[in-house]
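Contents: one structure, followed by commentary.
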Amino acid sequence: MFLLSQIVETDAGEILTVPPGKDEKYRETPIPDRLAKQARTIDDMRDASSDNPIISVTTTQSLRNWIQTAREQLAEQ
């Protein structure tokens with residue numbers, strides 16, 4: 001699940017905070033400004049509140065499939 005509220009602007013740039021997962025560890029990772037802007041644009045264009053996920057991944061296999069598709073598309077380019 002990816003919520004707009006998880007994107008935080010810092011002095012170091014945009015950061016995506018990740019809810020606790022395995023071992024209840026807090027995680028955060030830098031994300032490109034372009035991705036943060038796209039997420040905000042999607043949120044602005046939809047009717048739902050920002051508490052609803054922009055992207056929802058229900059299984060690890062779904063995530064792996066998305067990554068595989070992106071990898072193949074990038075290899076073609």
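The values are calculated or read from the model by the stated rules, or taken from the named source; none is laboratory data. It should be emphasised that the depicted structure is a prediction, and the values quoted were computed from it without experimental measurement. Because the Cβ atoms are built from the backbone with ideal geometry, glycine has one as well, and the counts that use them run over all protein chains shown.
Odds and ends about this structure:
- Of all residues in the stretch 25-60 being of a type in the set (Lys, Arg) and surrounded by 12 or more Cβ atoms within 10 Å (Cβ to Cβ), the one that is modelled with the highest pLDDT: Lys37
- Check on Thr17, among the hydroxyl-bearing types (Ser, Thr, Tyr) and under 23 Å from Thr60 (Cβ atoms): yes
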